[in-house]
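One structure is given here, and the rest of the page talks about it.
The values are calculated or read from the model by the stated rules, or taken from the named source; none is laboratory data. What you are looking at is a predicted structure, and each value in this text was computed from that prediction instead of being measured. Ideal geometry is used to build each Cβ from the backbone, glycine not excepted, and the neighbour counts take in all protein chains shown.
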Amino acid sequence: MPAVPADLLKRKKEFNDKLERIKRELEAKQTGGKTNNITLEAAMKNSFAIMEKSLAKKV
C-alpha cells in the first residue's frame, strides 16, 4: 500500500472536523438553539391555552 502524503491526511482531518461542526450546528438548529428552551416554552404556552379553554367551558 503506497504511503499517503501528509498534506492529504491533514486535508482529510480538516474535512472531518468541518463535517462534525456542521452536524453539531444542524443538531442545535433542530433542537431550537442551545437547549430545548424554545420547545419547553411552546409546551408551556400550549398547556396554559388548554387550561384557559377548560376554565372557559366551566364558566
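Which residues, counting only those in the range 34-57, are surrounded by 10 or more Cβ atoms within 10 Å (Cβ to Cβ) and at pLDDT below 80?
Passing the criteria: THR35, ASN36, ASN37, ILE38, THR39, LEU40, GLU41, ALA42, ALA43, MET44.
Inside the range 1-23, can you point out the residues that are modelled with pLDDT under 85 and among the basic types (Lys, Arg)?
The answer is none; no residue qualifies.
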